[in-house]
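The structure under discussion appears below in the form of structure tokens.
Readers should treat all values here as calculations from the given coordinates under stated rules, not as data from a laboratory. The structure displayed is predicted, hence computed values, not measured ones. Because the Cβ atoms are built from the backbone with ideal geometry, glycine has one as well, and the counts that use them run over all protein chains shown.
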Amino acid sequence: MIDLDAIEKECQQMIADGLGFIAPKSCGNANEIAILVEMMRVEQRKAETFRSALQDAGTIAFISGNAETSEAIKVILQCEQ
């Protein structure tokens, strides 16, 4: 897994040192990487929200007696792991 915190910390330090245009040791241009890290965090939060909503839908389907839908959602959630 990519350690976003480490990459972000390295990029922010380089930016603070006035070196945002130089590639940090972990990857490319610090300014661009800092923006990409933030974009990845936003997408990660969206995925977590979607996963939570999917789990809720599975629970509702199970409670409603819709075993087929509940089982399909379980399969989807297992594939993600």
Cα-Cα separations in the chain greater than 18 Å, expressed as whole percent: 56
Principal-axis tilt of helix 4-16 within the chain, Cα atoms, nearest 10 degrees: 30
Paramagnetic reach from L4 in segment 43-77 [backbone N under 19 Å; point 7 Å along Cα→Cβ]: 43-54
Residue of I63, I35, I15 that the Gaussian network model of the chain assigns the largest fluctuation, springs spanning Cα pairs under 10 Å: I63
Rg/Rh ratio calculated on Cα atoms of segment 34-81 (Kirkwood radius): 1.18
Computed lengthening from R41 to D17, 0.36 nm per intervening residue step minus Cα-Cα distance: 6.3 nm
